[in-house]
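Peer 1: Before I ask anything, let me first share the structure, which is written out below as structure tokens.
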Amino acid sequence: MEIQEKDCTIPRHVALIMDGNGRWAEERHRPRLFGHKAGVDSVREVVETARSLGIEVLTLYAFSTENWNRPEGEVSGLMGLLKNYLRSELRTMLRNGIRLNCLGLPQRLPEDVRTVLQQTIEETRSCTAMTLNLALNYGSRSELLVAIQAIARQCLEGSLDWHSLTEETLSAHLFTAGQPDPDLVIRTGGENRLSNFLLWQASYAELYFTEIKWPDFRKEQFMEALYSYSKRQRRFGKTGAQVVTG
Ligand code: FPP
């Protein structure tokens, strides 16, 4: 059965852990980068689908702080794919009202990637239809640590009072400041873990794990994940009866 938009509740924020590119390539006796290249086509299709469904925020885990440990050739290949993707997508982003945002610390990215990233962020700044967060050199624990350091500094300097700190104070110091928390986190590639991704923001997110490897995750598979999300009851700590009766 092909899943239609009318069968789904559309989440405001979907976050994706795009796993399985390497294994997808190895199954085909091709180098790992072949899998990442095919993964870029999935990125395009999922971004286009999210935009047409009216999802407000789409977050893609493109490169973690741990990914620097991969062989140098794979890291530079991934950086090249990223740069080409940003270059080739700018016009589409502008046409579709997609604002690009980076989660993570771009300082460590190669200069050419940083430049095209900053340009794309700048040029799409006034787009309002959807925000595309690319998590690059991202790790959730380091994001939390940086936020806590900034809050501690402001407390010491007197611009914040520690008595009045709230969950919102911390949220406002994360890379996702001002955005709704993810409603749905999808991980492809058959592993069932979060791998240091949006640990604070995903506290109440529905988790969807699939065996499908990222290069095979296209519109149809995305719709299946949204359909599964639609069938779940989000209780936020309440009982099922409370949720049903409001
Ligand atoms: C994990 O698969 C995937 C990555 C570390 C990189 C994801 C990057 C892309 C999809 C392409 C570039 C991104 C954009 C946004 C243009 P893996 O290599 O860990 O797979 P494996 O577990 O099978 O080895």
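Peer 1: When the Karplus curve 6.51 cos²θ - 1.76 cosθ + 1.60 is applied with θ = phi - 60°, which whole-Hz ³J(HN,Hα) does each residue of the range 33-46 get, with x for Gly and Pro?
Peer 2: 5, 4, x, 5, 4, 5, x, 5, 5, 5, 4, 4, 5, 6
Peer 1: Then there is this: For GLU206, what residues show an amide H to amide H distance below 5 Å, using hydrogens built from the backbone and excluding near sequence neighbours?
Peer 2: LEU184, VAL185
Peer 1: In addition: Name the long-range amide H neighbours of LYS213: under 5 Å, sequence gap of 5 or more, or other chain; modelled H, no Pro or chain starts.
Peer 2: GLY189
Peer 1: Could you tell me which chymotrypsin sites (Phe, Trp or Tyr not before Pro) in the range 145-222 are loop residues by DSSP with no more than 13 other beta carbons within 10 angstrom of their beta carbon?
Peer 2: Taking the range 145-222 and a limit of 13 other Cβ atoms within 10 Å, the loop chymotrypsin sites (Phe, Trp or Tyr not before Pro) found are TYR204.
Peer 1: Another one. Sequence-distant or interchain residues sharing an amide H contact under 5 Å with TYR138, placed H: which?
Peer 2: PHE63, SER64, THR65
Peer 1: Would you kindly derive the ³J(HN,Hα) couplings of the range 126-137 from the backbone phi angles with the Karplus curve 6.51 cos²θ - 1.76 cosθ + 1.60 (θ = phi - 60°), listing them in order in whole Hz, with x for Gly and Pro?
Peer 2: For the range 126-137, the Karplus-derived couplings read 9, 6, 10, 6, 8, 9, 9, 8, 9, 7, 10, 6 Hz, x marking Gly and Pro.
Peer 1: Short version: ³J(HN,Hα) in whole Hz for each residue of the range 47-52, in order, from phi by Karplus 6.51 cos²θ - 1.76 cosθ + 1.60 (θ = phi - 60°), x for Gly and Pro, what are they?
Peer 2: Calculated HN-Hα couplings, in order: 5, 4, 5, 4, 5, 6 Hz.
Peer 1: In deg cm²/dmol and to the nearest 500, what is the mean residue ellipticity at 222 nm of the chain if only DSSP H runs of at least 4 residues count, each as -39500 (n - 2.57), divided by the residue total?
Peer 2: On the way: 8 runs with 108 residues, N = 246.
Computed ellipticity for the chain at 222 nm equals -14000 deg cm²/dmol.
Peer 1: Could you give the semi-axes, largest first, of the ellipsoid that matches the range 89-158, computed as the square roots of 5 times the alpha carbon gyration tensor eigenvalues and rounded to whole Å? Before the final figure, lay out each step's value.
Peer 2: Values: eigenvalues 155, 45, 23 Å².
Listed largest to smallest, the semi-axes of the range 89-158 are 28, 15, 11 Å.
Peer 1: Another one. Under 27 Å Cα-Cα from LYS231, which lysines qualify once same-chain neighbours fewer than 8 residues away are excluded?
Peer 2: LYS6, LYS213, LYS219
Peer 1: Select from the range 201-246 those GluC sites (Glu not before Pro) which occupy a DSSP coil region and have at most 13 other Cβ atoms within 10 Å, ordered by residue number.
Peer 2: GLU211
Peer 1: What Rg and what Dmax come out for the chain when only alpha-carbon atoms are used, in angstroms?
Peer 2: Both quantities, over Cα of the chain: 18.7, 59 Å.
Any read-out appearing in this document is the output of simple, stated calculations on the displayed coordinates, not a laboratory observation. Please read these numbers as outputs of a predicted model, since none were measured by experiment. All Cβ positions, glycine included, derive from the backbone under ideal geometry; neighbour counts span all protein chains shown.
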